[in-house]
């Protein structure tokens with residue numbers, strides 16, 4: 001009888017694990033709006049897995065993590081940073097929402113267009129200097145602002161300048177897309193996977209700067225050189241342009257000077273709080289709430305409009321995703337994946353790092369890197385515990401892999417899709433062949449540089 005009972009239980013667990021794989025497949029399938037899929041999968045997880053299969057209200061409560069709001073360390077870190085429990089990472093949700101409000105305020109004040117035109121004017125509207133400076137600017141901005149916003153405005157201004165200066169904007173847009181993703185890998189707030197990794201594993205803004213930031217900085221030098229030599233002939237051919245052309249003034253981009261100044265102050269305050277949060281004790285949840293509140297107060301009568309403009313679909317996607325991944329962790333699916341990686345690597349740390357880095361890069365080139373990163377966090381945690389490995393090294397490998405891997409294809413990251421869409425709307429079509437011809441080798445280059453940096457620094 002005992003043997004029969006165990007068999008039944010094992011069958012139930014196997015069915016549950018299969019169900020999780022199917023649900024996760026639906027999340028990355030991307031044929032239905034992802035927030036609907038993730039919320040639906042999250043609800044099924046709560047009802048079918050935690051309710052019917054596990055009969056565990058405690059597991060469901062832990063996954064929902066509503067108690068986290070009542071924990072003092074959620075708002076103010078009074079002790080050493082610790083890993084978060086499985087389930088909904090509310091710190092990530094609050095931080096992203098706050099940054100969304102800040103970016104919306106900066107957009108309405110004309111900050112991004114002003115910055116692009118100011119830099120173009122500073123280099124006297126010369127094509128190659130614009131090309132190099134826009135790559136560097138996209139990388140810098142993406143360190144603090146989501147790459148989608150960066151590319152949305154940068155690509156639009158690039159197309160505008162291309163029409164004035166008579167150059168092909170496609171090389172610049174491809175380069176800007178890549179550099180924005182690269183810049184996002186440098187900081188904890190630069191890319192959603194990094195936010196999830198940082199808040200889940202207890203790493204600070206400084207930790208990312210000193211580790212992934214170093215790798216991104218070294219890689220940026222090579223990436224700029226790579227794209228310059230790849231596109232220099234096309235860009236040099238358009239260096240001569242009509243001197244009688246009237247260029248747009250950066251001042252024309254500023255819709256409200258007072259609001260513009262306030263948005264710059266809020267942006268600077270956000271950077272200061274992020275850089276110093278390990279010293280001040282302010283958590284990313286608190287920073288997100290502060291930045292969001294300040295942005296709403298600065299907007300005056302447009303506060304309600306800004307709240308309505310929030311990207312609720314993305315926030316709901318995160319909530320559903322965290323529930324699904326929390327369920328996968330509760331049922332042991334992710335521990336099994338960790339065991340497979342450990343077995344393949346032979347418990348060799350260097351091989352584990354290489355597998356995590358390249359697997360993350362390859363997967364992120366074709367599927368959304370956010371769910372992949374969220375899924376891999378418990379995996380690398382299990383690998384570190386089982387093999388006595390340094391968790392931080394695995395975290396930096398996961399971060400670089402998920403952030404950079406998405407650069408390799410037109411669908412690998414949201415910034416890629418947005419940049420290509422902006423170009424297409426203006427009559428400049430970037431196909432898979434054109435994009436991958438340059439972005440794929442650059443992706444491999446950065447992953448190789450990252451692997452070398454990890455091996456040299458940590459082994």
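Since every read-out is calculated from the coordinates, none of them should be taken as a lab result. The model shown is predicted, which means the values in this text are computed figures rather than measured ones. We place every Cβ from the backbone using ideal geometry, glycine too, and count neighbours over all the protein chains shown.
Quick notes on this one:
- Put the Cα centre of segment 116-148 next to the Cα centre of segment 373-416 and the gap is 28 Å.
- Taking the average, over residues, of other Cβ atoms within 10 Å as the packing measure, peptides 375-381, 114-120 rank 375-381, 114-120 from highest down.
- Extension gain (nm, one decimal) between residue 448 and residue 255, 0.36 nm per residue minus Cα-Cα: 65.1 nm
- Kirkwood radius and radius of gyration were both taken over the C-alpha atoms of segment 359-448, and their ratio Rg/Rh is 1.10.
- Ranking of 57, 160, 104 by count of other Cβ atoms within 10 Å, fewest first: 57, 160, 104
- Highest to lowest packing among 391-400, 286-295, scored as the average C-beta count within 10 Å: 391-400, 286-295
- Helical mean residue ellipticity (222 nm; -39500 (n - 2.57) per DSSP H run of 4+; nearest 500) of the chain: -24500 deg cm²/dmol
- Net length available on complete extension from residue 351 to residue 459 is 37.7 nm, with 0.36 nm assigned per residue and the Cα-Cα distance removed.
- Order of 271, 209 under a 10 Å beta carbon neighbour criterion, fewest first: 271, 209
- Calculated P(r) of segment 94-207 - Cα pairs past 22 Å, %: 34
- Packing rank of 431-439, 217-225, where each peptide gets the mean count of other beta carbons within 10 Å, highest leading: 217-225, 431-439
- For semi-axes √(5λ) of the Cα gyration tensor in Å, calculated from these coordinates, the label among (1) 37, 25, 19; (2) 39, 26, 20; (3) 43, 29, 18: (2)
- Crossing angle, helix 111-122 versus the chain [Cα axis fit, 0-90 degrees, rounded to tens]: 50
- Crossing angle, helix 2-29 versus the chain [Cα axis fit, 0-90 degrees, rounded to tens]: 10
- Relative contact order computed over segment 395-459 (Cα-Cα under 8 Å; 6+ residues apart), in percent: 40
- Based on the Kirkwood approach, the hydrodynamic radius assigned to segment 248-353 is 18.3 Å, with every pair of different Cα atoms included.
- Taking Cα atoms only, the orientation of helix 127-142 departs from the longest principal axis of the chain by about 30 degrees.
- Per residue, the average separation of C-alpha pairs within less than 8 Å and at least 6 apart gives the chain a relative contact order of 24 percent.
- When Rg and the Kirkwood radius Rh are both evaluated on Cα atoms of segment 165-302, their ratio Rg/Rh stands at 1.07.
- Column: log10 I(q)/I(0), Debye, Cα scatterers of segment 160-205, q = 0.20, 0.29, 0.33 Å⁻¹: -0.66, -0.94, -1.05
- For segment 411-459, the spherically averaged projection of the C-alpha convex hull amounts to 4.0 nm².
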